[in-house]
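Notes follow once the structure below has been shown.
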Amino acid sequence: MLIRVPKGWDLPEREATPESAYWNRRELLKAAGFLTAAPLLGAGPYPAKRGEDYAIGTQETEEWAATSYNNYYEFHPTDKTAVKGLVGKFKPMPWTIEVTGLVNKPQRLDLDDLLKTMPFEERVYRFRCVEAWAMTVPWTGFPMSALIKKVEPKPEAKYLRFVTALRKDEMPGLKMAPWYPWPYFEGLRMDEAMNPLAMFVTGMYGKPLPTQNGAPFRVIAPWKYGYKNPKSIVSIEFTAKQPRTFWNDVASSEYGFYSNVNPKKPHPRWSQAQEKVIPKMEMRPTLMYNGYEKWVTAMYNGTEF
Ligand code: MTE
């Protein structure tokens, strides 16, 4: 028999403050100078100041849609709409990120410290999954280059390898699909990671990332297909050799290392000329490098797709 012992936070209904009274009280306290707006949103840089340098004018996807349609195989390997309902056990804080490999300052980074010290901003980026669905999201994060400079890569470091969380008790998809080469791992070339568009992201829509979108720490490289944007990163290794990647290990003829968005290069099983915008799945043309040509073309010689 399950006996439920009430916890300190289990307030009986009659003792709870009605929401309207609670808000009125907050407003009064705020007016009296006892509160600022910040504690309402919790710790962290949210909402961060919006940067417009890389804005390309695509209409933002509504928050409910971007947070309800997810590829996150550790939680559900096939149903994108189920992920959101399966993340309840995942604990995104506290969080540390191990930095290893070819750097002068290998270290264990505490995410709380990064939240206080990194140059956070909000940027609205297009996002394009290799499966052809697309969205546009205001991400909160900081340039990947800021973290790279902090750890001082050695001259031999040519790539970054990212490894993500593996928590069997918190991620039900791991048991549903044990044949995948967990944990999820990805990589970028050093110049790609130093490109000003590349970000480490901790928030979206002015709030901390929800687990289904990669809490608490993920990559966003908007000119690449979605799977190059790993979620819940726990380690970053600097390497001399091109690292292997999860999807390339699973199906090398379908998912290359670069995976730059290219409407002219079909996936072996479908065209990439068009994309479907969530949630209504309206079709629109796919853009070269997902619309970010002017910032990334110079990094490539035309063969890296
Ligand atoms: N990261 C991890 N750890 N596990 C995943 O299954 N899926 C990738 C990428 N990062 C994935 C991941 C794929 S295929 C896509 S399209 C994007 O996350 C989806 O990000 P979103 O759910 O925030 O839209």
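The values are calculated or read from the model by the stated rules, or taken from the named source; none is laboratory data. Remember, it's a predicted structure, so these values are computed and weren't measured experimentally. Cβ placement follows ideal geometry from the backbone for every residue including glycine, while neighbour counts extend to all protein chains displayed. What goes into the accessible areas is simple: the full protein's heavy atoms, side chains included, and nothing from ligands, DNA or RNA. Shrake-Rupley method; radii C 1.70, N 1.55, O 1.52, S 1.80 Å.
With respect to (1) polar (S, T, N, Q); (2) open to solvent by 80 Å² or more (accessible area, probe 1.4 Å); (3) modelled with pLDDT under 95, the lone exception for THR81 is condition (3). Test ARG108 against the stated conditions and say whether it is in a strand (DSSP E or B), within 16 Å of the ligand (Cβ to nearest atom) and of a type in the set (Lys, Arg). Taking the combined requirement at face value, the residue does not satisfy it. Per this entry, MET118 is counted among residues that are more than 16 Å from the ligand (Cβ to nearest atom) and under 30 Å from GLU62 (Cβ atoms).
Restricting attention to the range 147-157, does a residue exist that is buried (at least 22 other Cβ atoms within 10 Å of the Cβ) and either more than 10 Å from the ligand (Cβ to nearest atom) or within 18 Å of PRO210 (Cβ to Cβ) (or both)? Spell out the reasoning first.
Keep residues of the range 147-157 that are buried (at least 22 other Cβ atoms within 10 Å of the Cβ), which gives none.
Among the residues of the range 147-157, not one is buried (at least 22 other Cβ atoms within 10 Å of the Cβ) and either more than 10 Å from the ligand (Cβ to nearest atom) or within 18 Å of PRO210 (Cβ to Cβ) (or both), which makes the answer no.
A search for C-beta distances below 8 Å between a residue of the range 217-239 that is without any contact (Cβ under 8 Å) to a residue 24 or more places away in the chain and any residue that is near the ligand (Cβ under 10 Å from one of its atoms) and not aliphatic (A, V, I, L, M), counting only pairs 6+ apart in sequence or on different chains, returns ARG218/ASN229; ARG218/PRO230; ARG218/LYS231; ARG218/SER232.
Residues in the range 34-52 that are at pLDDT 50 or above, hydrophobic (A, V, I, L, M, F, W, C) and open to solvent by less than 50 Å² (accessible area, probe 1.4 Å): 1 in all.
Reported count of residues in the range 125-164, each being in a helix (DSSP H, G or I) and closer than 30 Å to SER271 by Cα, is 0. The residues of the range 171-204 that are out of contact with any Lys or Arg (no Cβ under 9 Å at 6 or more places or on another chain), outside any strand (DSSP E or B), open to solvent by less than 40 Å² (accessible area, probe 1.4 Å) and more than 9 Å from the ligand (Cβ to nearest atom), listed by number, are ALA177, ALA193, ASN195, ALA198. A Cβ distance below 7 Å, combined with a sequence gap of six or more or placement on separate chains, defines the contacts here; from the range 34-54, residues that are more than 14 Å from TRP139 (Cβ to Cβ) and assigned to a loop (DSSP other than H, G, I, E, B) reach residues that are modelled with pLDDT under 50 and open to solvent by less than 90 Å² (accessible area, probe 1.4 Å) in the pairs LEU35/ARG26; LEU35/LEU29.
Looking at the structure I just gave you, is LYS116 over 18 Å from the mean Cα position of the chain (by Cα), modelled with pLDDT of 95 or more and not in a loop (DSSP other than H, G, I, E, B)? Steps first, answer last, please.
On the way: over 18 Å from the mean Cα position of the chain (by Cα): yes; modelled with pLDDT of 95 or more: yes; not in a loop (DSSP other than H, G, I, E, B): yes.
Against the criterion (over 18 Å from the mean Cα position of the chain (by Cα), modelled with pLDDT of 95 or more and not in a loop (DSSP other than H, G, I, E, B)), LYS116 qualifies.
Which count do you get for residues in the range 217-268 that are of a type in the set (A, V, I, L, M, F, W, C) and in a helix (DSSP H, G or I)?
Of the range 217-268, the ones of a type in the set (A, V, I, L, M, F, W, C) are 217, 219-221, 223, 233-234, 236, 238, 240, 246-247, 250-251, 257, 261.
Next, only the ones that are in a helix (DSSP H, G or I) stay: 246-247, 250.
Summing the residues that are of a type in the set (A, V, I, L, M, F, W, C) and in a helix (DSSP H, G or I) in the range 217-268 gives 3.
For residues that are outside any strand (DSSP E or B) and surrounded by 11 or more Cβ atoms within 10 Å (Cβ to Cβ), tally how many sit in the range 269-283. Going through the range 269-283 one residue at a time, the tally reaches 6. Using the structure shown, decide if VAL99 is open to solvent by 10 Å² or more (accessible area, probe 1.4 Å) and in contact (Cβ under 8 Å) with a residue 40 or more places away in the chain. No, not satisfied. All of (1) away from the ligand (no atom under 12 Å from the Cβ); (2) open to solvent by 20 Å² or more (accessible area, probe 1.4 Å); (3) of a type in the set (Val, Ile, Thr) hold for THR286 with one exception: (2).
Of all residues in the range 227-245, those being within 9 Å of the ligand (Cβ to nearest atom) and open to solvent by less than 10 Å² (accessible area, probe 1.4 Å) number 5. Of the candidates ASP169, ASP249, ASP191, the single residue that is among the acidic types (Asp, Glu), touching a residue at least 40 places away in the same chain (Cβ under 8 Å) and touching a strand residue (DSSP E or B) at 6+ places or on another chain (Cβ under 9 Å) is ASP249.
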